[in-house]
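A.B. asks: My questions will all concern the structure given below.
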Amino acid sequence: MEERIRKAVAEKLEELGAAEVSFAVEWPADMAHGDYAVNAAMAASKALGKPPRQIAEELAPALQAALGSDAAGVEIAGPGFINITLSEEAVSHILIATRDGEWGRNTDQAGMRIMVEYGNPNPFKEMHIGHATGAVIGESFARLIEYSGATVLRDTFGGDVGPQVAKALWVFMRDGVTDIASAKEIGKAYTQGANAYEESEEAKTQIDALNTHIYDIVARQEEVAAFSEEDRALLYLWQKGREVSMEEFEEIFRLLGTTYDYTFFDSDTTKLGMDAVYDALDKGVLEKSDGAIIYRGEKKGLHTLVFITSRGTPTYETKDIGLAFLKEMRASVDHELILTAVEQVGHFKVFLAAFEDIAPQLAAKIEHAAHGLLQLTTGKMSSRKGNVITARELITELVTAAGVRNPDPLVAQQVAIGALKYMILRSAPGSNIIFDPEKSLSLEGDSGPYLQYALVRARSILEKAGPAAEAEAKATETPYELSRRITRFPEIIRKAQALRAPHLVAQYLTQLASEWNSFYANERIIGGDNEAYKLGVVSAFIRTMENGLWVLGIPAPEKM
RNA sequence: GCUCCUGUGGUGAAAUGGAUAUCACAACAGUCUUCGGAACUGUCGUUCCAGGUUCGAAUCCUGGCGGGAGCACCA
C-alpha cells in the first residue's frame, strides 16, 4: 500500500516538474487523520514555487485515481498534508491476511545466518537483574531477526577465568571448602573475595597470583594426573563452580524464554586470542608498553586499550578476539550482533578499531548494540556491597505477586515474566530502566499483563462464539479503529527490525490492546450487529497480539 | 580534564524533521442487571536555557546549565 502511494505521488511530482523532491509516506499520529499521510506538497513547495495546498490539490486526484476503491478518502489537511483513509474493502482484505500464521513476518533477510550474542553472565558470580535485562532484550532482537526470515544462532559468552573467578575460589580455598553445591554459596564467596581484595594488600597479592595460576592449570587441565593434590582440588572446584553456576543460569534463561545454541567460555578463547595478539604485535598493530601489550587507540581518536597485562594474563579484549575466531570456526555466519550493557560501548569501539587492523573481514561482520542498565531507586547495585538483586530473587518475588490472582503456578509465572519483560522492552534498548523494588512491578495499565489480559478476553469471546467465528462477512460501516490499527502490524515489525527497536512493538501492542478494550466495552460482539464480521476482527486482533507478544518473548497465558 | 550518552506533566516512558506532543502511574470524577473490571470514559498537568538551520524542531547544528557512563594492566 505504502509503495503504491509512493509511486503514484512520485509520478505526479515528476509530471509537475519536481522529480527530485524527497517526501515521506507516514502514519498520522492521530488516526482520525487517516491511515496514511503524504507530505509531498510541502516538500515540493519551494522547488515548484507554489503554495503547498495548491500542489496538494493537484496531487490528491492523481492519488485517488491510483488507489481506486482501496481509498475511501483522499483529503488535504493542515499545512498541505494529503491524508488517505483506507476503504472498508481494503481493511477487510488485510484482516483476512491475518489468518495466515505468518502475519507480520517478512523475508527481507531470508537466507542470512545471523548470530546474536547476549546475556553473558559470568560464572562464579550470581546473575543479577542486569544480565536478565540483556537476556530479555537479546531474545527479542533474535526473534525480530527471525521475523525477517534469517536463521538466528543464539550464543552467550561467560568469563570462567579471570579476576572474578580467582576472588571466589580464593575464599573457598582459604576456608578449606572442597565442594560446591549452590550458586548462592558462590555468590557469597565472590562478595567476600571482592571485599578482601579491596581491603587487604595480602589478599590482593594472593588473589592476583591465584588468578594467574588458574589460567595456567585450566590451560593444562588434560595433564591433571600430574598435578599436585592442591592443584587437583583447585581444578575440581573450578570445574564444579562453573557447572553449578551454569546450571543456575540455564534455569533462569529458561524461565526468561531463552535457549542458547552455543555457550562460549573465556577459557576456550584465551589461547586463540593470545596467539592473535602476539601475531598482531609482530605485525606492529599492537605494541608493548610497561610490560603490557596494548593498542594505541589514539591513532583513531580513541583511547589506549590493554590486551595482555604485564603479568601475562589476557584481558577481556583479547578474549573477544579469540571469541571472534572461535565463532568463525564453530559456526561461520553472515552477520554477528553482540549485545552488551551500555557501559561497554567505549571498550567496544576501541576493540573493533583494533580488530579491524587484525582481521578486517571478521571485524566487518560484527555489530555491537547496547542495552541500558536496570537501576534501583535505592542506588547503584554492587556485588561487593551486597545490594544486588539477583535475577532469581526478582522473578520469585514477581511470581508471588502474580500468584495472588492466579492460583495456577504456570499462569502466575507467565504473568510475572510478562510484567518483567514488558517493563524492560517498553523503553528504547539503550536507555536505563529505573526500577523501584518497593513499588514492584505494575500488573495494571501500561504493563505486560494488560496485553496478556486483552488477549485472554478476546480468546474467551471466540471460544464462546463457537465455530461460526470463521464465517466471512462484511460490515457496511467504516472500519473500526481497531481494524485499522491491526493493518499496521507488518510495517511496525519492519521498523522495529530496521532500528533494532523492540519497544516500537511493545508500544504498538499497548495501543492495540487499548483499542481492543474500547471496542470490547463499546460493541456488543456476540449477538450484536454484524456479529460474523466482528468475530473476524476479534480473530485478527488475536493473531496480531499473539505474534506481537511472540516477537517480544512475552508468554501468552490461556487463562488468567 | 578528555570522550560518549542523556535532559519531555508530580513519577516512569513514547514520538522515522510534521498537524492540537502521546501513553501509563499517581490524584480527582464517573461507567457495571457485562461477551471476563488486571477493563472502559472523563478532568488535571509536560519538551532545561539561549541562539541557528528549515515551509515546519522535543528531534538537526552551535554555545551554556544539569544528570549518567567510560577513560590502559576489571569484565
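A.B. asks: On C-alpha positions alone, give me the angle between the axis of helix A:345-358 and the longest principal axis of chain A, in degrees, nearest 10.
C.D. replies: It is inclined by approximately 80 degrees.
A.B. asks: I've got another one for you. Around A:ALA521, with a cut-off of 15 angstrom between Cβ atoms, what is the net charge of the other residues, counting Lys and Arg +1 and Asp and Glu -1?
C.D. replies: 0
A.B. asks: Further question on the same structure: Taking only the alpha-carbon atoms of region A:495-560, what semi-axes of the equivalent ellipsoid follow from 5 times the gyration tensor eigenvalues under a square root, in whole Å, largest first?
C.D. replies: In descending order the semi-axes read 26, 13, 10 Å.
A.B. asks: Continuing with this model, one more query. What is the dipole size for chain A, taken about its Cα centre, with +1 at each Lys and Arg Cβ and -1 at each Asp and Glu Cβ, in debye to the nearest 20? List each step's numbers first, then the result.
C.D. replies: Details: 57 positive and 80 negative charges, 144 e Å.
Magnitude of the dipole: close to 680 debye.
A.B. asks: I want to check the label-to-label distance for A:ASP357 and A:GLU14. Put each point 7 Å from Cα in the C-beta direction and report it in nm to one decimal.
C.D. replies: Result: 4.9 nm between the two label points.
A.B. asks: Show that you can apply the helix-only estimate: for chain A, add -39,500 (n - 2.57) for every DSSP H stretch of four or more residues, divide by all residues, and state [θ] at 222 nm to the nearest 500.
C.D. replies: The per-residue figure over chain A is -18000 deg cm²/dmol.
A.B. asks: Going toward the positive end of the dipole of region A:323-382, with +1 on Lys and Arg Cβ and -1 on Asp and Glu Cβ, which of A:HIS347, A:LEU373, A:ALA363 do you reach last?
C.D. replies: Checked the options; the winner is A:LEU373.
A.B. asks: Something else: Relative to the present Cα-Cα distance, how much length would full extension add between A:GLU393 and A:GLU222 at 0.36 nm per residue of separation?
C.D. replies: On the way: separation 171, 0.36 × 171 = 61.56 nm, distance 3.76 nm.
57.8 nm is the gain from fully extending A:GLU393 to A:GLU222.
A.B. asks: Considering all projection directions equally, how large on average is the shadow of the alpha-carbon convex hull of region A:136-250, in square nanometres?
C.D. replies: With every direction weighted equally, the projected area is 9.1 nm².
A.B. asks: Label-point separation (nm) for A:THR212 and A:GLU102, each offset 7 Å from Cα along Cα-to-Cβ?
C.D. replies: In this crude label model, A:THR212 to A:GLU102 measures out at 6.0 nm.
A.B. asks: What's the FRET efficiency of A:GLU343 with A:GLN54 using the Cβ-Cβ distance as r and R₀ = 41 Å, to the nearest 0.05? The partial results should precede the final answer.
C.D. replies: On the way: r = 54 Å, r/R0 = 1.31.
Efficiency computed from Cβ-Cβ geometry: 0.15.
A.B. asks: Sticking with this one: Rounded to the nearest 5, what % of DSSP beta bridges with both residues in region A:64-197 are antiparallel?
C.D. replies: Values: 6 of 11 bridges.
Once the DSSP bridges in region A:64-197 are tallied, antiparallel ones form about 55 percent.
A.B. asks: Ok, one more. So between A:GLU201 and A:ALA181, what do we pick up on full extension, going 0.36 nm a residue minus the alpha carbon distance?
C.D. replies: Difference between extended and current length: 4.2 nm.
A.B. asks: If contacts are Cα pairs under 8 angstrom and at least 6 residues apart, what is the relative contact order of region A:123-258 in percent?
C.D. replies: RCO, region A:123-258: 37 percent.
A.B. asks: Roughly what % antiparallel, to the nearest 5, for the DSSP beta bridges in chain A?
C.D. replies: Roughly 50 percent of the beta bridges in chain A run antiparallel, per DSSP.
A.B. asks: Pop out the ³J(HN,Hα) list for region A:130-139 in order, Karplus 6.51 cos²θ - 1.76 cosθ + 1.60 with θ = phi - 60°, rounded to Hz; leave Gly and Pro as x.
C.D. replies: Values per residue, Gly and Pro as x: x, 5, 5, 4, x, 5, 5, 5, x, 4 Hz.
A.B. asks: Are there GluC sites (Glu not before Pro) in region A:1-100 that DSSP puts in a loop and that have at most 15 other Cβ atoms within 10 Å, and which ones? Provide the component values of the computation, followed by the final result.
C.D. replies: On the way: sites: A:GLU2, A:GLU3, A:GLU11, A:GLU14, A:GLU15, A:GLU20, A:GLU26, A:GLU57, A:GLU58, A:GLU75, A:GLU88, A:GLU89; in loops: A:GLU20.
Listed in order of number, the matching sites are A:GLU20.
A.B. asks: Could you calculate the FRET efficiency of A:ARG113 with A:HIS303 from 1/(1 + (r/R0)^6), where r is the beta carbon distance between them and R0 is 41 Å, rounded to 0.05?
C.D. replies: 0.75
A.B. asks: Would you grab the residues whose amide H sits under 5 Å from the one on A:HIS128? Only those 5+ places off in sequence or on another chain, please, with H modelled 1.01 Å from N.
C.D. replies: Counting only residues 5 or more places away or on other chains, the set is A:ALA391.
A.B. asks: Please give the FRET efficiency for A:GLU287 paired with A:GLN511, using the beta carbon to beta carbon distance and R0 = 51 Å, rounded to the nearest 0.05.
C.D. replies: Taking R0 as 51 Å, the efficiency between A:GLU287 and A:GLN511 is 0.40.
A.B. asks: Enumerate the whole-percent occupancy of each 10 Å bin, from 0 to the last occupied one, for all C-alpha pair distances of region A:81-212.
C.D. replies: Here the calculated profile for region A:81-212 is 11, 24, 19, 16, 12, 8, 7, 2.
A.B. asks: I would also like to ask the following. May I ask you to order A:165-171, A:550-556, A:184-190 by the average number of other C-beta atoms within 10 Å around their residues, highest value first?
C.D. replies: For the peptides A:165-171, A:550-556, A:184-190, the packing ranking is A:165-171, A:550-556, A:184-190.
A.B. asks: Identify the trypsin sites (Lys or Arg not before Pro) of region A:289-377 meeting these criteria: DSSP loop state and at most 13 other C-beta atoms within 10 Å of the C-beta.
C.D. replies: In loop regions of region A:289-377 (DSSP not H, G, I, E or B), the sparsely surrounded trypsin sites (Lys or Arg not before Pro) are A:ARG311.
A.B. asks: Something else about it: When the convex hull of the C-alpha atoms of chain A is computed, what volume per residue in Å³ does it have?
C.D. replies: 191 Å³
A.B. asks: Quick one: putting +1 on the C-beta of Lys and Arg, -1 on the C-beta of Asp and Glu, what dipole do you get for region A:517-560 around its Cα centre, in Debye to the nearest 20?
C.D. replies: Roughly 60 debye for region A:517-560.
A.B. asks: Moving on to the next point. Between A:PHE264 and residues 5 or more places away or on another chain, which pairs have amide H atoms under 5 Å apart, with H built 1.01 Å from N, and which residues are they?
C.D. replies: Residues meeting the criterion, in which the H sits 1.01 Å from N, are A:THR156, A:PHE157, A:GLY158.
A.B. asks: Check which residues have an amide H placed less than 5 Å from A:ILE76's amide H, if you skip close sequence neighbours.
C.D. replies: A:ASN83
Only the coordinates and a few stated rules stand behind these numbers; no lab work does. All figures in this text were calculated on a predicted structure; none of them were measured in a lab. Cβ atoms come from the backbone with ideal geometry, glycine included; neighbour counts cover every protein chain shown.
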